[in-house]
Amino acid sequence: MTLSEAVINRVKSIIDIPELRKRVLFTLMMFLVARVGVHIPVPGIDVSRLSSAVQSNTLAGFINTFSGGGFQNASMFALGIIPYINSSIIFQLLGVVVPKIEEMQKEGGKEKEKVTQWTRYLTIGVAIAQSFGLTILLQQQGLVYEPGPSFTLITVTLMTGGTAFLMWVAERISLKGIGNGTSMLIFLSIVSRLPTEFYQIGKNLSANGGMGYILLIITIFLFIALIALIVLIQLAERRIPIQYVGKGRTGRSSIGQKTFLPLKINMSGVMPIIFASVLMAVPSALIGLVKDVALKNKLGNLFSQTGVGYLLLYAVLVVVFAFFYTSIVFDPEKVADNLKQGGATVPGKRPGNETVDYLESVATKITFGSAVFLAILGVMPNIFFGYVLKMPVLMSGTSLLILVGVAVDLIQQIDSHLAVRSYKGFISK
């Protein structure tokens, strides 16, 4: 089946299957609501001057990307879904420090719902703190028409309310739509910026004449190659052989059905990339507090999107969060126990601790390889833009990784819905 045939078949399936069609339409409706909110400005801010400031500030540009242009428009969705992601990161880290929280997250049901509710409360607190800091910064930069307590109160209320609303939208998408709501909103924010970024890249390169057109062709090929590599790592899996013990006619044990246990190479998905991207805003925020102008400029260059410090720190964070998130989604002891209860064994490995050690070893190796691979892919566009094209980073590796990762996850979810429907149809027959 060719790529075009696969796409056409999935589109037909979405149209023909009522449940899937309903989920997709609900997601698109939530997308429309989110995009409308991006263009509802907070009163009292000089939007034109803020737009110019965003283009020259790394931290502001990062927030603007994740808010889908909401920050540049000074909208009520200026903070985007970032406070919710920050709160999720905090509780994921607390799960490592506090065993009780980790147990609640793994148990599911009411216990997991409690953690989710705490995350919502923390999101509101983080949104209030971030919006308050933003109002102070806007007033210090002279971007507010009538600064004062009234402006601060109104802006904090509207931006916090906007974040709370986006958090609700994300949860509705996860529940009634298709895909993970948080990832889908970030996906929407990145996609909404692509036409502008493509236009700007073409405009800047074509202005350089013949060499510019050559670089434009190279950029297009690099873009396609990166997408192909990211798709490859997202779909790749390590297949561990599994044997089931059966009973022969004489009642003696015999080797039964042979199958395999598929382990995704990138078991953590796009969440490590999202977490690492959000934390990369911290150095820029801290550098802004430095009083020494010379030191501030030096650190600013070091942690710019093409700076050595930024690239190394981002790569390290991707690797760390890949291992961290894999440890959450993959439990070797639980998998080994399930295999033992199902009468399955890994060839050459005894059930129990030996199987657990083997599964953990395999998971560690493939996670390290995929994490390093993703980290390299993540920094390549930054290096290419900064040192080859010698222009601002208009399309970062982070955006590409998230964009492709969420798209692959979305396609897999659509396929899972189709598989479930096929099984139901088979059982009913």
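Scan region 326-354 for residues that are exposed (fewer than 15 other Cβ atoms within 10 Å of the Cβ), without any contact (Cβ under 8 Å) to a residue 60 or more places away in the chain and closer than 29 Å to residue 270 by Cα and jot them down.
333, 334, 338
Just need a number here: residues in region 75-90 that are open to solvent by less than 30 Å² (accessible area, probe 1.4 Å), modelled with pLDDT of 85 or more and either over 20 Å from the mean Cα position of the chain (by Cα) or farther than 12 Å from residue 120 by Cα (or both).
6
Which of the residues that make up region 166-211 are more than 24 Å from residue 396 (Cβ to Cβ), over 17 Å from the mean Cα position of the chain (by Cα) and surrounded by fewer than 20 Cβ atoms within 10 Å (Cβ to Cβ)?
Passing the criteria: 168, 172, 175, 176, 209, 210.
Only one of these conditions is not met by residue 93: (1) touching a residue at least 12 places away in the same chain (Cβ under 8 Å); (2) open to solvent by 20 Å² or more (accessible area, probe 1.4 Å). Which number is it?
Here residue 93 clears every test but (1).
Considering only residues that are closer than 17 Å to residue 197 by Cβ and over 22 Å from the mean Cα position of the chain (by Cα), look in region 27-56 and name the one that is least open to solvent (accessible area, probe 1.4 Å).
Here the residue is 54.
Could you list, in sequence order, the residues of region 278-320 that are within 15 Å of residue 380 (Cα to Cα) and under 19 Å from the mean Cα position of the chain (by Cα)?
305, 310, 311, 313, 314, 315, 316, 318, listed by residue number.
Residue check, residue 117 against (1) crowded, with 16+ Cβ neighbours inside 10 Å; (2) closer than 26 Å to residue 29 by Cβ; (3) not hydroxyl-bearing (Ser, Thr, Tyr), all met but one. Which one?
(1)
Please go through region 61-98 and pick out each residue that is over 18 Å from residue 187 (Cα atoms) and of a type in the set (Phe, Trp, Tyr).
91
Residue by residue through region 143-163, note down the ones that are buried (at least 16 other Cβ atoms within 10 Å of the Cβ) and under 18 Å from residue 38 (Cα atoms).
Listed by number, the residues that qualify are 155, 156, 158, 159, 160, 162, 163.
Considering only residues that are polar (S, T, N, Q) and either over 17 Å from the mean Cα position of the chain (by Cα) or at pLDDT 85 or above (or both), which ones fall in region 359-398?
Listed by number, the residues that qualify are 361, 364, 367, 370, 382.
List the residue pairs whose Cβ atoms are under 8 Å apart, where the first residue sits in region 221-240 and is in contact (Cβ under 8 Å) with a residue 40 or more places away in the chain, the second is open to solvent by 80 Å² or more (accessible area, probe 1.4 Å), and the two are 6 or more positions apart or on different chains.
Sorted first by the residue in region 221-240, then by its partner, the pairs are 240/260.
When region 1-49 is examined, which residues are found to be of a type in the set (Val, Ile, Thr) and modelled with pLDDT of 85 or more?
24, 27, 33, 36, 38, 40, 42, 45
Please find, within region 219-246, the residue that is most open to solvent (accessible area, probe 1.4 Å) out of those that are outside any helix (DSSP H, G or I), hydrophobic (A, V, I, L, M, F, W, C) and within 28 Å of residue 413 (Cβ to Cβ).
Per the criteria, the residue is 236.
Can you tell me how many residues in region 91-145 are over 20 Å from residue 275 (Cα atoms), basic (Lys, Arg) and at pLDDT 85 or above?
Residues in region 91-145 being over 20 Å from residue 275 (Cα atoms), basic (Lys, Arg) and at pLDDT 85 or above: 1 in total.
Look at region 96-105 and say how many of its residues are closer than 19 Å to residue 322 by Cβ and either open to solvent by 60 Å² or more (accessible area, probe 1.4 Å) or β-branched (Val, Ile, Thr) (or both).
Of the residues in region 96-105, 2 are closer than 19 Å to residue 322 by Cβ and either open to solvent by 60 Å² or more (accessible area, probe 1.4 Å) or β-branched (Val, Ile, Thr) (or both).
Looking at region 313-324, which of its residues are within 23 Å of residue 102 (Cβ to Cβ) and open to solvent by 40 Å² or more (accessible area, probe 1.4 Å)?
Of everything in region 313-324, those that are within 23 Å of residue 102 (Cβ to Cβ) and open to solvent by 40 Å² or more (accessible area, probe 1.4 Å) turn out to be 320, 323.
Check 138, 122 and return the single one that is of a type outside the set (Gly, Ala, Ser) and in contact with a strand residue (DSSP E or B) (Cβ under 6 Å, 6 or more places away or on another chain).
When all the criteria are applied, what remains is 138.
Inspect all residues belonging to region 364-371 and state whether any of them is surrounded by 16 or more Cβ atoms within 10 Å (Cβ to Cβ), farther than 21 Å from residue 105 by Cβ and of a type in the set (Phe, Trp, Tyr).
no
State all residues of region 280-312 that are among the aliphatic types (A, V, I, L, M) and either open to solvent by 60 Å² or more (accessible area, probe 1.4 Å) or not in a helix (DSSP H, G or I) (or both); if no residue qualifies, say none.
Across region 280-312, the qualifying residues are 280, 282, 286, 289, 290, 293, 294, 295, 302, 308, 312.
Residues checked against (1) in contact with a helix residue (DSSP H, G or I) (Cβ under 7 Å, 6 or more places away or on another chain); (2) farther than 24 Å from residue 92 by Cβ:
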position	(1), (2)
299	yes, yes
314	yes, no
322	yes, no
331	no, no
335	yes, no
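The values are calculated or read from the model by the stated rules, or taken from the named source; none is laboratory data. Note that the structure is predicted; figures quoted are calculated from it, not measured. We place every Cβ from the backbone using ideal geometry, glycine too, and count neighbours over all the protein chains shown. Protein only, heavy atoms only, side chains kept; ligands, DNA and RNA dropped before computing areas. Shrake-Rupley method; radii C 1.70, N 1.55, O 1.52, S 1.80 Å.
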